[in-house]
Amino acid sequence: MKMPLNWFQLLGTLLLIGCSDVQAAATVGRACNVTATMPGICRTSSECEPVIDGYIRSGVLKLNDVPSCGLGAWGEIFCCPTQPCCGNGVSTSSSSTTRAPVATTVLTGGRVDVPTASSGTGDRPAVAACKKIREQRQQKSGNQLVIHIVGGYPVDPGVYPHMAAIGYSTFGDLVNFRCGGSLIASRFVLTAAHCVNTDANTPAFVRMGAVNIENPDHTYQDIDVRSVKIHPQYMGNKYNDIAVLELERDVVETDNVRPACLHTDPTDPPSSSKFFVAGWGELNVTTRERSKILLRAGLELVPLQQCNNSYAEQPASIRMLKAGVIDTLLCAIDQRLIADACRGDSGGPLIHELSVEDGMYTIMGVVSSGFGCATVTPGLYTRVSSYLDFIEGIVWPDNRV
Ligand code: ARG
């Protein structure tokens, strides 16, 4: 995922080394820009939160709009507006809607807005499976607190327990991770066709339950890939870029490893929805450095027509996109052109976050392609709801969930 360098953050005991910009950028008191027209100053979260609160409440800034200055000794430092918002004075509220650098605890018990029956008659398998996932999750979490970073960039363990890193064998015992995927049932991972379509691209295993991909400091599961099912109409271009991996065995479901719901609704989600892309892909197109920790970025959907126009301006892309941006694709962008999926994020999810508080989400798209990373041309995603028949035929062949 492309992020500005100063979005690096220590996660638990992780240390990101060799990044002097981070140190330099993370100085409290340094001038910065909150937006192109709003000057800011780098402040600790506790100093910044009351200031930011007013901006968010009055709708001037959104949670995800507040840039990071990097990581200080005691946590993330924010690029905070220099003035309180809108002449209303600084809000003294300790509202948890502020972009919190620390984990926000949210009670999930009783707040999950889903039917309790596990599979109503007539539900298609993907819908019945989703009901089951949510039911199990509800039972498991009960009144426990579920922790997540609200609007934060690194993803805490257990926030996206469906997240799979796809491992490829290289020479000797070396493995590398070049693509992401989503666990959609105990033995199946959804990914992009172009991640798994050649001999050199044959996945060896998936790593589940890891946030730090190299040195997981909590339990993770590596499970071999038994078979790869590529969409029959995938022709090496930007259409039908979707595949399902069957694993050698079921995952062991834990708080950090659990399948996610597929997005089954073909209509546009409500405008209050949030979208995130998550992955371990490149942070910087020049250095090609990959993220060792799972990151996510908030994105906005771009209407197809508008997206089509953007791609029409990129002759280099048109060869692979002969029919233009059609409705089996989704387009998403970070309007600030700061964050985007990038090389290495392919196959990972475009997540539709139904309710950030409850942590309910669905997999709406699969990271497929783009034109550079974080350019004015939106990222392209395979639209999951267009491929339910293909997915269900593999994952629930007899329609039994
Ligand atoms: N094709 C890339 C991959 O293999 C993902 C590209 C996504 N690019 C983007 N700008 N959204 O990892």
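The values are calculated or read from the model by the stated rules, or taken from the named source; none is laboratory data. Computed from a predicted structure; not experimentally measured. Heads up, the Cβs are rebuilt from the backbone with ideal geometry, glycines too, and the neighbour counts pull from every protein chain shown. To get the accessible areas, we keep the full protein, side chains included, count just its heavy atoms, and leave off ligands, DNA and RNA. Shrake-Rupley method; radii C 1.70, N 1.55, O 1.52, S 1.80 Å.
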Q) Out of curiosity, is Cys342 near the ligand (Cβ under 10 Å from one of its atoms), in a strand (DSSP E or B) and not acidic (Asp, Glu)? A) no
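Residue-wise test of (1) within 11 Å of the ligand (Cβ to nearest atom); (2) modelled with pLDDT of 95 or more; (3) in contact with a Leu (Cβ under 6 Å, 6 or more places away or on another chain); (4) assigned to a loop (DSSP other than H, G, I, E, B).
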residue: Gln306; (1), (2), (3), (4): no, yes, no, no
residue: Ala316; (1), (2), (3), (4): no, no, no, no
residue: Val325; (1), (2), (3), (4): no, yes, yes, yes
residue: Ile338; (1), (2), (3), (4): no, no, no, yes
residue: Leu354; (1), (2), (3), (4): no, no, no, no
residue: Glu357; (1), (2), (3), (4): no, no, no, yes
residue: Ala374; (1), (2), (3), (4): yes, no, yes, yes
residue: Ser386; (1), (2), (3), (4): no, yes, no, no
residue: Asp389; (1), (2), (3), (4): no, yes, no, no
Q) Looking at (1) of a type in the set (Lys, Arg); (2) within 16 Å of the ligand (Cβ to nearest atom); (3) surrounded by fewer than 20 Cβ atoms within 10 Å (Cβ to Cβ); (4) closer than 26 Å to Arg137 by Cβ, which is the only condition Arg400 fails? A) (2)
Q) Looking only at region 28-45, which residues are closer than 17 Å to Pro84 by Cβ, assigned to a strand (DSSP E or B) and over 27 Å from the mean Cα position of the chain (by Cα)? A) Met38, Pro39, Gly40, Ile41
Q: Take region 250-289 and flag every residue that is among the small types (Gly, Ala, Ser), closer than 24 Å to Glu214 by Cβ and away from the ligand (no atom under 16 Å from the Cβ).
A: Ala260
Q) Filter region 359-372 for residues that are at pLDDT 95 or above and not polar (S, T, N, Q); which is nearest to Asn176 (Cα to Cα)? A) Val367
Q: Could you tell me whether Leu330 is touching a residue at least 12 places away in the same chain (Cβ under 8 Å), within 16 Å of the ligand (Cβ to nearest atom) and either open to solvent by 30 Å² or more (accessible area, probe 1.4 Å) or not in a loop (DSSP other than H, G, I, E, B) (or both)?
A: yes
Q. Tally time: how many residues in region 359-372 are more than 8 Å from the ligand (Cβ to nearest atom) and under 17 Å from Asn240 (Cβ atoms)?
A. 4
(Q) Quick check on region 233-248. Is at least one of its residues exposed (fewer than 15 other Cβ atoms within 10 Å of the Cβ), at pLDDT below 95, within 15 Å of the ligand (Cβ to nearest atom) and among the polar types (S, T, N, Q)? (A) yes
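Yes or no, residue by residue, for (1) surrounded by 19 or more Cβ atoms within 10 Å (Cβ to Cβ); (2) within 22 Å of Met235 (Cα to Cα); (3) free of Cβ contacts under 8 Å to residues at least 60 places away in the same chain; (4) more than 16 Å from the chain's Cα centre (by Cα):
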| site | (1), (2), (3), (4) |
| --- | --- |
| Ile166 | yes, yes, no, no |
| Gly172 | no, no, yes, yes |
| Val175 | no, no, yes, yes |
| Gln221 | yes, no, yes, yes |
Q: Tell me which residues, restricted to region 367-401, are touching an Asp or Glu at 6+ places or on another chain (Cβ under 7 Å) and under 25 Å from Asp250 (Cα atoms).
A: Val367, Ser385
(Q) For region 173-194, check the following and say yes or no: at least one residue is outside any strand (DSSP E or B), at pLDDT below 95 and of a type outside the set (Ser, Thr, Tyr). (A) yes
(Q) I need every pair where a residue in region 295-320 that is farther than 29 Å from Val155 by Cα has its Cβ under 6 Å from the Cβ of a residue that is open to solvent by less than 50 Å² (accessible area, probe 1.4 Å) and at pLDDT below 90, sequence separation at least 6 or different chains. (A) Tyr311/Ser317
